[in-house]
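First up is the structure itself, then whatever we jot down about it.
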Amino acid sequence: MATHIGLLRAVNLAGRNKVAMGDLRDLLTALGMQEPRSLLQSGNVVFGSAVRSTAQLERTLERATKERLGVETDFFVRTADEWSELIADNPFPREARTDPGHLVAMCLKEAPDRATVAALQKAIVGREVVRASGRHAYIVYPDGIGRSRLTMALIEKKLGTRGTGRNWNTVMKLGALTKPA
């Protein structure tokens, strides 16, 4: 049984794609996942599964969420080890310590190449900085996320893949949930 982290994309935002975390935990239990736990109301779950393939888990969870909860959205699943790597690979350790609310880690469906990451950085009109490692991108929003013109639509267009982001505080809390009690 491996521990996984699942992130739903764009749920419970401004009344759209409403998913109660209790319903999400019940769904995972019904699908055979072990001890599903949620964090916050933004679609973050930690669960155990005998299925090792994160791509297979993503497809299963996306299909079941649409069929049983009536919400069509992307799931991004990482193993506990992949999540530990996401944390270790953070190219912005100073920001993680001093301003974790303005550092975002994004899980991506596909790994972008260097040219697309460079194109995204070039398209930024503010002070934001983007780096990527594998299927993860890291973005520093020094002037705040809400006012930034670096939107999810621009990020996905330039990187050529879908993604979902969590601020560093949430990244660390999810990591802590993967550790044995």
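The values are calculated or read from the model by the stated rules, or taken from the named source; none is laboratory data. Only a predicted model underlies this, so the values are computations on that prediction, with no experimental measurement involved. In this analysis, Cβ positions are derived from the backbone assuming ideal geometry, glycine residues included, and neighbour counts consider all displayed protein chains.
When Ala50, Ala10 are checked against the criterion of being free of Cβ contacts under 8 Å to residues at least 60 places away in the same chain, of a type in the set (A, V, I, L, M) and either surrounded by fewer than 18 Cβ atoms within 10 Å (Cβ to Cβ) or within 22 Å of Ala137 (Cα to Cα) (or both), a single residue qualifies: Ala50.
The listed residues are Val125, Val140, and the only one of them that is surrounded by fewer than 18 Cβ atoms within 10 Å (Cβ to Cβ) and not assigned by TED's automatic domain parsing to the domain that holds Arg9 turns out to be Val125. Met33 meets each of the listed conditions (1) in contact with a Pro (Cβ under 8 Å, 6 or more places away or on another chain); (2) over 21 Å from Ala105 (Cβ atoms) apart from (1).
Only residues that are charged (D, E, K, R) and either closer than 23 Å to Ser49 by Cα or in contact with a Pro (Cβ under 6 Å, 6 or more places away or on another chain) (or both): list them for segment 145-180, please.
Quick first cut of segment 145-180, residues charged (D, E, K, R) only: 147, 149, 156-158, 162, 166, 173, 179.
Selection gives Arg166, Lys173, Lys179.
Within the option set Thr116, Thr98, Thr178, being under 28 Å from Lys18 (Cβ atoms) and β-branched (Val, Ile, Thr) holds for one residue only, Thr178. Determine whether Val130 is in contact with a strand residue (DSSP E or B) (Cβ under 8 Å, 6 or more places away or on another chain), within 28 Å of Glu62 (Cβ to Cβ) and surrounded by 15 or more Cβ atoms within 10 Å (Cβ to Cβ). Here the answer is yes, as Val130 does meet what is asked. Just so you know, in segment 53-77 the residues that are assigned to a loop (DSSP other than H, G, I, E, B) and out of contact with any Ser or Thr (no Cβ under 8 Å at 6 or more places or on another chain) include one that is modelled with the highest pLDDT, and it is Ser53. Only residues that are surrounded by fewer than 17 Cβ atoms within 10 Å (Cβ to Cβ) and among the aromatic types (Phe, Trp, Tyr) were counted across segment 58-86, and they come to 0. Remark: pairs (first residue in segment 31-43, closer than 12 Å to Ala20 by Cβ; second residue among the β-branched types (Val, Ile, Thr) and assigned to a loop (DSSP other than H, G, I, E, B); Cβ separation under 6 Å; 6+ apart in sequence or on different chains) = Gly43/Val11.
Of all residues in segment 156-181 being aliphatic (A, V, I, L, M) and modelled with pLDDT of 95 or more, which is farthest from His4 (Cα to Cα)? If you could, list the steps in order and put the result at the bottom.
Initial filter on segment 156-181 (aliphatic (A, V, I, L, M)): 159, 171-172, 174, 176-177, 181.
Checking which are modelled with pLDDT of 95 or more leaves us with 159, 171-172, 174.
Details: Leu159: 25, Val171: 13, Met172: 14, Leu174: 10 Å.
Looking at residues that are aliphatic (A, V, I, L, M) and modelled with pLDDT of 95 or more, I get Leu159.
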